[in-house]
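> Input: one structure, supplied below.
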Amino acid sequence: MQIVRDTNTASRLSQLWRLHNLRIALVPTMGFLHEGHLSLIRLAKRHADRVMVSIFVNPTQFGPNEDLASYPRDFARDEQLCRQEGVDAVFYPTPATMYADDHSTWVNEDSLSSGLCGASRPGHFRGVCTVVLKLFNISGCHLAVFGRKDAQQALIIQRMVRDLNIPVQLLLAPLVREKDGLALSSRNNYLSPDERQNALSIYRGLQEADAKYKAGCRDAEQLIEILRRHISGAGGKIDYISVVSQDSLQAVNRIDSPALLALAAYFGKTRLIDNIFLD
Ligand code: PAF
């Protein structure tokens, strides 16, 4: 497995792979890998001849008061996990390599980015789209894999790829949960044992809302109220709970077409997101 720290070496490697007609998959991550990431890597391996994993805590997608400095990092462990999974190359750049001091070009998706996490994290998706397009260009990938846990991010990247005619195929992988239902996230690492226990209210709320939906309830507010009750009851501070259309991410009152029940909530200082599809 190669570890590549600069953009030119990564590009040269992908050019070499392309010369040999090898299909390249990129798995973009911010590191501190968990089973969710490993499921993306395994999916990539099934669809490509070479897999490049990028590990980069992208500063431009963090707001001024967010957790850029404290975001968990453990490259030695990530490297070992990538080796175990048979990854071909890890792209592990420094911020200075990725962003010139006078960097001034951004990718802005204007519609899907406005609600949900975009509303509470201004500029977040501009940073995500910009770095993802840069990673596509650097890695020369044919396909890229993203997790559905970040459902809004996945949809925005799909839109960016379509709108800008980016020749990269996207594969979306299902959200992965711990045995007790907590959605896997590198940020779970911040939770105290009590906070982690309380955070299980998210999954319980989602399960109850899902059951109510499956029993025929199509009223978004009723499903939202179930989650509100679970999360607030466990001491969580709700950032948003929304039922939105799967295509437009616009809020819906009545669920007549495929929808997404999505939320963000704080347990202590940790902001967690989760979602289920209502199809
Ligand atoms: O989902 C993430 O971990 C990040 O947003 C991504 C896609 C790697 C871009 O920094």
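The values are calculated or read from the model by the stated rules, or taken from the named source; none is laboratory data. Bear in mind that the values here come from a model prediction, so they are computed numbers and not experimental data. Because the Cβ atoms are built from the backbone with ideal geometry, glycine has one as well, and the counts that use them run over all protein chains shown. Just the protein is used for accessible areas: all its heavy atoms, side chains included, with ligands, DNA and RNA removed. Shrake-Rupley method; radii C 1.70, N 1.55, O 1.52, S 1.80 Å.
> Can you tell me which of L116, L68 is without any contact (Cβ under 8 Å) to a residue 24 or more places away in the chain, within 24 Å of N275 (Cα to Cα) and under 18 Å from the mean Cα position of the chain (by Cα)?
Numbers: L116 fails: without any contact (Cβ under 8 Å) to a residue 24 or more places away in the chain.
Answer to the selection: L68.
> If a residue has to be near the ligand (Cβ under 10 Å from one of its atoms) and among the hydrophobic types (A, V, I, L, M, F, W, C) to count, how many in the range 34-52 make the cut?
Selection size over the range 34-52: 1.
> Do any residues in the range 148-165 that are under 23 Å from I276 (Cα atoms) have Cβ atoms under 7 Å from those of residues that are open to solvent by 80 Å² or more (accessible area, probe 1.4 Å) and of a type in the set (K, R), where the two are at least six apart or on different chains, and which pairs are they?
If the second residue must be open to solvent by 80 Å² or more (accessible area, probe 1.4 Å) and of a type in the set (K, R), the pairs left are A154/R148.
> Which is modelled with pLDDT of 95 or more, more than 29 Å from S120 (Cβ to Cβ) and in a loop (DSSP other than H, G, I, E, B), of L33, L22?
L22
> Let me ask something else about it. Taking the range 180-190 as the region of interest, how many residues are away from the ligand (no atom under 16 Å from the Cβ) and under 15 Å from F32 (Cα atoms)? Break it down into steps so the answer makes sense when it comes.
Our first condition is that a residue be away from the ligand (no atom under 16 Å from the Cβ); within the range 180-190, this holds for 180-182.
Next, only the ones that are under 15 Å from F32 (Cα atoms) stay: none.
Number satisfying all stated conditions: 0.
> Limited to the range 227-268, what total is found for residues that are without any contact (Cβ under 8 Å) to a residue 40 or more places away in the chain and at positive phi?
1
> So is F146 touching a strand residue (DSSP E or B) at 6+ places or on another chain (Cβ under 9 Å), of a type outside the set (K, R), near the ligand (Cβ under 10 Å from one of its atoms) and open to solvent by less than 20 Å² (accessible area, probe 1.4 Å) or not?
Working: touching a strand residue (DSSP E or B) at 6+ places or on another chain (Cβ under 9 Å): yes; of a type outside the set (K, R): yes; near the ligand (Cβ under 10 Å from one of its atoms): yes; open to solvent by less than 20 Å² (accessible area, probe 1.4 Å): yes.
When the stated conditions are applied, F146 passes them.
> Could you please let me know if C141 is within 30 Å of R50 (Cβ to Cβ) and either at pLDDT 95 or above or under 19 Å from the mean Cα position of the chain (by Cα) (or both)?
Numbers: within 30 Å of R50 (Cβ to Cβ): yes; either at pLDDT 95 or above or under 19 Å from the mean Cα position of the chain (by Cα) (or both): yes.
Yes; evaluated as a whole, the condition is true for this residue.
> Go through the range 53-68 and give me each residue that's surrounded by fewer than 20 Cβ atoms within 10 Å (Cβ to Cβ) and within 12 Å of the ligand (Cβ to nearest atom). Break it down into steps so the answer makes sense when it comes.
Taking the range 53-68 first, the residues surrounded by fewer than 20 Cβ atoms within 10 Å (Cβ to Cβ) are 56-57, 59-60, 62-68.
Hits for the range 53-68 are F56, V57, P59, T60, F62, L68.
> Take residues that are within 25 Å of L19 (Cα to Cα) and in contact with a Leu (Cβ under 8 Å, 6 or more places away or on another chain) and tell me which of the helices (runs of 4 or more DSSP H) falling wholly in the range 76-151 contain 3 or more. Lay out the reasoning, then the answer.
On the way: elements: 95-98, 116-120, 124-139.
Output list reads 124-139.
> Something else now. Within the range 175-207, track down each residue that is among the aromatic types (F, W, Y) and either touching a Leu at 6+ places or on another chain (Cβ under 7 Å) or open to solvent by less than 60 Å² (accessible area, probe 1.4 Å) (or both).
Taking the range 175-207 first, the residues among the aromatic types (F, W, Y) are 190, 203.
Result: Y203, single match.
> Considering only residues that are touching a residue at least 24 places away in the same chain (Cβ under 8 Å) and away from the ligand (no atom under 16 Å from the Cβ), look in the range 12-31 and name the one that is surrounded by the fewest Cβ atoms within 10 Å (Cβ to Cβ).
So in the range 12-31, the residues touching a residue at least 24 places away in the same chain (Cβ under 8 Å) come out as 13-15, 17-18, 22-31.
Going one step further and asking which of them are away from the ligand (no atom under 16 Å from the Cβ), we end up with 13-15, 17-18, 22-24.
Numbers: L13: 21, S14: 24, Q15: 10, W17: 22, R18: 15, L22: 14, R23: 15, I24: 23.
Selected residue: Q15.
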